[in-house]
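Below: one structure, written as structure tokens.
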Amino acid sequence: MIQYIFIFVLGSVLASFMHVYVTRLLAEQSIVKPRSHCTTCGHTLSWYELIPIVSYAIQKGRCRNCKAKIGIDSLLIEIITGLLFVVTFAIFGYTFKTLLGFVIVLIMISVFLSDFKEMIILDSTLIVGMILIYLLIYLDLGLWKGIYKSFLYGVFAFVLMIVVKVLGDAAFKRDSLGGGDIKLAFLMGSILPYNLFLISIVIGSTCALPYALYISITKKTNELAFGPFLVLGLYLTFILQNHILEFLNLLIN
């Protein structure tokens, strides 16, 4: 139980940082200065006001200085990320796949925040994410079995998404995929072999369909932040990969 609590706290702390990181980059602000503060009164937050989940609960969702309401989004992100860290650890245990899963979760949180808010996938998220991913793959599988194959699968995914974009643009007479989605596909392909990458696209697209119908009806628009659903498909495929491969083998045999 202690190890699960530690993993949950770790996920919550990293989620808190990711929320600040994405929010500040979208606002074109430094992630270092100024220190965390209340956006209403400018009160600089003390360390005990920055404890994930706990500080929000103690302060009842309000600034300690001006009593302005604090958005619940940061609390939800911290809880969800902590839970996803625990799920990942419960599935893979003390392996490199657990660390890789943690990186995927943090990328997913960043993409959800930035793409839903501004229809942008931050390049810095993808760059840092790729560095960590390739480092873990190298440590786990080495250069040829790990890095070489991952890079080739990444190129396959990247090229495939470019083809999908070209065909989609021609069919719909407008941009069908953003550049961030295509770059994200390279990251996804670097983690998953080509067959699982295709499965992740199917899962992501299936998850996106209800949301696409919702915004089409309520907001009268076909503009869809597809990145969050792509990375959701990535995470679900990653943690369920053994079951998916068993199912594919049954179909083939």
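Residue pairs whose Cβ atoms lie under 7 Å apart, separated by 6 or more positions or on different chains, with the first residue in the range 1-22 and among the β-branched types (Val, Ile, Thr) and the second at pLDDT below 90 and crowded, with 22+ Cβ neighbours inside 10 Å, are 13/52.
Contact map, the range 35-58: first residue assigned by TED's automatic domain parsing to the domain that holds residue 78 and in a loop (DSSP other than H, G, I, E, B), second residue hydroxyl-bearing (Ser, Thr, Tyr) and at pLDDT 80 or above, Cβ cut-off under 7 Å, separation 6 or more or different chains; pairs are 52/12; 52/16; 53/12.
The values are calculated or read from the model by the stated rules, or taken from the named source; none is laboratory data. Worth saying up front: this structure is predicted, and the values here are computed from it rather than measured. Note that we place each Cβ from the backbone using ideal geometry, even for glycine, and neighbour counts take in every protein chain shown.
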